[in-house]
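Input: a single structure, listed below in structure tokens.
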Amino acid sequence: MPSLEDVANEIKAILEDVRNNTNTIKGHTNSIKANTDTIVNQLGQLDTDVKFGFINLAQGLQVLIALGIQENLLSAENNKQNEAIICWLTNIANTLCDVKHNTDQEVALQTDISATLHHIDDGGDLVHSREALDVANRQALEERIEKCCPPEKPPVQPCFEPCAPPPPARFEPVKTDWKPVRFDGQESGHR
């Protein structure tokens, strides 16, 4: 049977082991707590980084959307101007087509009239030679009078109604002075 002193020494050794193990557990617990605090800090920083990243992304997308809207407005304005240009070109093409048809008809008519008049003129000169000489003198006099005092020309009439140009749109460019938010809460210098 062990003595009381042996039992006390054995209990003392067990208590010493319990204390050593408790101190080891305490050290591990403190290490776990320190690691947990580090992880919490890192998660907090990651959360902050993600929030600023989303803020920057949202603001950048907002600028891109505003620029897209502005581009659509400018494209619509350009389409209106193109419609006015097409209207003018159509009017010009129609006018040129009318001029060509009229010119073709006039040339054919004038050729017939010229041949007929030459024939009549030649016959008339043979029959009425004295009168032909009077007509030639009168024509020379009229030419001199026209050189001195030319007759007034009638005003030129418009060929068609003018195309109405689109009214210019009020243009205000989108301000693109956006700067990303820095992690310290200030704006950065990058654009």
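No lab work stands behind these numbers, since they all come straight from the coordinates. The structure presented is a predicted model; accordingly, all values stated were derived computationally and were not measured. Cβ coordinates were reconstructed from backbone atoms using ideal geometry, including for glycine residues, and neighbour counts include every protein chain displayed.
Of a type in the set (Gly, Ala, Ser) and under 51 Å from the mean Cα position of the chain (by Cα): which single residue out of 31, 75 fits that description?
75
Please give the number of the condition residue 156 fails out of (1) exposed (fewer than 10 other Cβ atoms within 10 Å of the Cβ); (2) among the β-branched types (Val, Ile, Thr); (3) over 30 Å from residue 99 (Cα atoms).
Exception for residue 156: condition (3).
Among the residues of the range 113-131, what is the count of those that are of a type in the set (A, V, I, L, M) and within 60 Å of the chain's Cα centre (by Cα)?
Result for the range 113-131: 1.
Residue 2 passes all but one of (1) in contact (Cβ under 8 Å) with a residue 40 or more places away in the chain; (2) in contact with a helix residue (DSSP H, G or I) (Cβ under 9 Å, 6 or more places away or on another chain); which number fails?
Unmet for residue 2, out of (1) in contact (Cβ under 8 Å) with a residue 40 or more places away in the chain; (2) in contact with a helix residue (DSSP H, G or I) (Cβ under 9 Å, 6 or more places away or on another chain): (1).
So residue 78 passes all but one of these: (1) farther than 30 Å from residue 178 by Cα; (2) surrounded by 10 or more Cβ atoms within 10 Å (Cβ to Cβ). Which condition number does it fail?
For residue 78, the exception is condition (1).
Of the residues 55, 25, 85, 14, only one is part of a helix (DSSP H, G or I), of a type in the set (Val, Ile, Thr), surrounded by 10 or more Cβ atoms within 10 Å (Cβ to Cβ) and in contact with a Cys (Cβ under 9 Å, 6 or more places away or on another chain); which?
The conditions single out 85.
So for the range 114-125 (the condition being charged (D, E, K, R), surrounded by 10 or more Cβ atoms within 10 Å (Cβ to Cβ) and in contact with a helix residue (DSSP H, G or I) (Cβ under 7 Å, 6 or more places away or on another chain)), does at least one residue qualify?
yes
Which one of these is touching a residue at least 60 places away in the same chain (Cβ under 8 Å) and either in a helix (DSSP H, G or I) or surrounded by fewer than 10 Cβ atoms within 10 Å (Cβ to Cβ) (or both): 94, 137?
Exactly one residue qualifies, and that residue is 94.
With the condition kept exactly as written, say whether any residue in the range 164-177 is touching a residue at least 60 places away in the same chain (Cβ under 8 Å), surrounded by 10 or more Cβ atoms within 10 Å (Cβ to Cβ), touching a strand residue (DSSP E or B) at 6+ places or on another chain (Cβ under 8 Å) and not in a helix (DSSP H, G or I).
Looking for residues that are touching a residue at least 60 places away in the same chain (Cβ under 8 Å), surrounded by 10 or more Cβ atoms within 10 Å (Cβ to Cβ), touching a strand residue (DSSP E or B) at 6+ places or on another chain (Cβ under 8 Å) and not in a helix (DSSP H, G or I), one finds none in the range 164-177, hence no.
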